[in-house]
Each structure stands twice: as C-alpha cells, then as structure tokens.
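So the structure is just underneath, and the comments pick up after that.
Throughout, read-outs are computed from the coordinates displayed, never taken from laboratory work. For clarity, every value in this text was computed on a predicted model and none was experimentally measured. Here the Cβ positions follow ideal geometry from the backbone for every residue, glycine too, while neighbour counts run over all protein chains shown.
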Amino acid sequence: MDRRIKKNQTAIKKAFIHLIAEKEFEKITINEIAERADVNRGTVYSHYWDKYDLLDKCIEDQLIHLMESCYSANATGPFPTKIPLLRTIKEIEKNALLYKTLLSIKDVPSFRVHLSRMINNRIMEQMEENKLSLDDLGKSIFAQFMSSAIVGVIEWWFSQSKPCSAEELTERLWSLLEMNRMILVEEKGSPIAEEQNEARRSAQWGIS
C-alpha cells in the first residue's frame with residue numbers, strides 16, 4: 001500500500017475514534033472526520049463509502065489484530081486457555097481509548113457483537129477439534145455463555161475504571177469459566193470428587 005494512502009487512512013481512523021469518544025455516533029459527520037484528520041472530504045470518501053463503512057473497517061482491523069496478537073495457531077485443549085485470555089485483556093488495555101470507545105457505542109453495537117462472535121467461534125473451533133462429547137445445541141449454548149461472559153466482564157472492567165489489574169481480572173474471570181467447564185465435564189461422564197472441586201474453588205478465590 002502506498003505510504004500516503006496508509007497515512008491518510010490511519011489519520012482518518014484515529015480522528016473517527018476520537019470523535020466517537022466525544023459524541024454520539026449518529027451525530028458525527030464526514031466533514032468533522034475530515035477536519036479532525038486534516039484531510040479533505042473527498043479523501044475520506046476515496047477510502048470509505050460512509051461513516052458506517054469506516055466503522056466496519058475499524059472493527060475489522062481491530063478484530064484481526066486481536067486474533068493475530070492473542071490466539072496461538074497451535075492452541076490445544078477443549079476450551080480457550082488462560083494465556084490467550086490474558087493476552088486479549090492486556091491488548092485491549094494497551095489500546096484502552098480505542099476499545100472502550102468501540103465497546104461503548106450505543107447506537108451501533110457492532111464491535112461488541114463482533115468481538116463476542118470472534119470468541120464464540122474460537123471456542124466452537126476448539127470444541128470441535130477436541131471432539132467434546134456435547135450435542136450441537138449444547139456446544140452452541142456453552143460457547144455463547146462463555147463469549148458473552150468474557151465480553152461482559154471486559155465491558156464492566158472499563159466502565160468501573162479498571163478496579164483491578166489485567167492479571168487479576170483474568171485470574172478471577174478464568175476461575176469462574178473453569179468452574180463451569182468442570183461442571184460440563186462432570187455432566188459428561190468424567191466426575192471429580194466434590195472435595196477436589198471445593199479445594200479448587202477455595203484456592204482460586206483465596207478462601208482458607
């Protein structure tokens with residue numbers, strides 16, 4: 001890609017994200033985006049059909065970046081592991097303004113939907129790869145539960161001005177997800193003694 005084109009696209013996207021953080025998406029105009037990016041209106045339209053197309057491109061870029069940065073191609077196990085979850089949260093934290101803005105868009109909740117779908121698809125892929133003994137409906141419900149929980153907690157974390165570190169958030173979130181994973185495994189014929197479960201839960205939450 002020509003460096004000038006790339007520079008313009010970067011400036012336009014950056015200006016757009018800052019505007020979304022300042023005002024409602026529906027009230028943003030192409031003229032405002034162009035002025036903030038220090039380009040003319042025609043330059044914006046030469047790259048994007050309209051602000052909805054620009055929003056879609058911003059979302060697409062960030063999801064691709066998240067997948068490349070956080071999810072290993074050779075991940076194993078029937079569920080996402082703690083490491084990519086921590087990487088995802090830390091990557092989101094590193095670009096806090098961008099992700100907080102995208103997650104908080106009320107008029108067009110595209111990013112939240114796409115992020116949840118990305119995590120959902122990853123969970124489904126790993127369950128298929130590891131031949132988890134659940135029917136299709138069970139897999140779909142479990143993947144939806146997991147992905148919604150992860151995205152919901154990340155949203156809460158931002159809305160509460162990050163009351164804990166990314167590491168602590170990951171540990172606490174993972175302990176909850178792991179509890180549900182163990183329940184699922186037990187229901188499918190791999191029982192674990194209740195005292196072992198209780199000991200694990202106590203250790204995860206610091207209960208003595």
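How do CYS164, CYS58, CYS70 rank when sorted from fewest to most other Cβ atoms within 10 Å of their own Cβ?
CYS164, CYS70, CYS58
At 0.36 nm per residue, minus the direct Cα-Cα distance, what do LYS162 and LYS131 gain on full extension? Give it in nm, one decimal, please.
Gain on stretching LYS162 to LYS131: 7.5 nm.
Quick check for me: using +1 on Lys/Arg Cβ and -1 on Asp/Glu Cβ, what's the dipole size of the range 1-48 about its Cα centre, in debye to the nearest 20?
300
In this model, which of LYS94/LYS131; LYS94/LYS139; LYS27/LYS162; LYS7/LYS51; LYS14/LYS90; LYS7/LYS82 are farther than 30 Å apart at the alpha-carbon?
Pairs exceeding the cut-off: LYS94/LYS131; LYS94/LYS139; LYS7/LYS82.
Rank by packing, highest mean first: peptides 151-158, 128-135, with packing defined as the count of other Cβ atoms within 10 Å averaged across residues.
Answer by packing, highest mean first, reads 151-158, 128-135.
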